[in-house]
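Below: the structure, in structure tokens.
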Amino acid sequence: MQFSVVGWGKYTDSEGNEVWGSNPIVSTLLSVSGESWKNWGSDVDDATYISDLALQQLGLERDKTVVEAAPAKELTAAEKKKVDAALKDVEAEKKKAE
């Protein structure tokens, strides 16, 4: 099985901000076969398994200092109303500024 692998990198801009590049720094195909295919279904989810294989193929490793974000919680109806009202206020302010 083949996967298309595309990766972007971060750089520091002229103002000292860390930003994502707009062009990929790598674009390649990842072929999963042999032992990699037999080991699929291990103790990690599919996305992690494939991304780890891609990193390995590129001679890279996952940054262990990055903490994965917790899943987003769904807003309650009251929270959604507050967000919608705030967005309407922002749109109204934009129109006034024009």
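The values are calculated or read from the model by the stated rules, or taken from the named source; none is laboratory data. Remember, predicted model here, so these are calculated numbers, not experimental data. Positions of Cβ are backbone-derived with ideal geometry, glycine not excepted, and every protein chain shown enters the neighbour counts.
Some observations on this one:
- Checking SER22 against (1) among the polar types (S, T, N, Q); (2) assigned to a helix (DSSP H, G or I); (3) under 15 Å from the mean Cα position of the chain (by Cα), the condition it does not meet: (2)
- Residue count for the range 1-38 satisfying the condition of being farther than 19 Å from GLU61 by Cβ and either of a type in the set (Val, Ile, Thr) or in contact with a Leu (Cβ under 8 Å, 6 or more places away or on another chain) (or both): 4.
- One residue stands out in the range 37-61 among those that are in contact with a Phe, Trp or Tyr (Cβ under 9 Å, 6 or more places away or on another chain) and assigned to a helix (DSSP H, G or I): the one that is farthest from VAL6 (Cα to Cα), namely ASN39.
- LYS73 modelled with pLDDT under 85 and out of contact with any helix residue (DSSP H, G or I) (no Cβ under 6 Å at 6 or more places or on another chain): yes
- Condition broken by VAL5, with the remaining ones in (1) of a type in the set (A, V, I, L, M); (2) part of a helix (DSSP H, G or I); (3) touching a helix residue (DSSP H, G or I) at 6+ places or on another chain (Cβ under 7 Å) satisfied: (2)
- Of all residues making up the range 51-66, the number that are under 14 Å from the mean Cα position of the chain (by Cα) and of a type in the set (A, V, I, L, M, F, W, C): 1
- The condition of being of a type in the set (Ser, Thr, Tyr) and at pLDDT below 85 holds for THR48.
- Counted residues, the range 63-98 - those being in a loop (DSSP other than H, G, I, E, B) and surrounded by 11 or more Cβ atoms within 10 Å (Cβ to Cβ): 1
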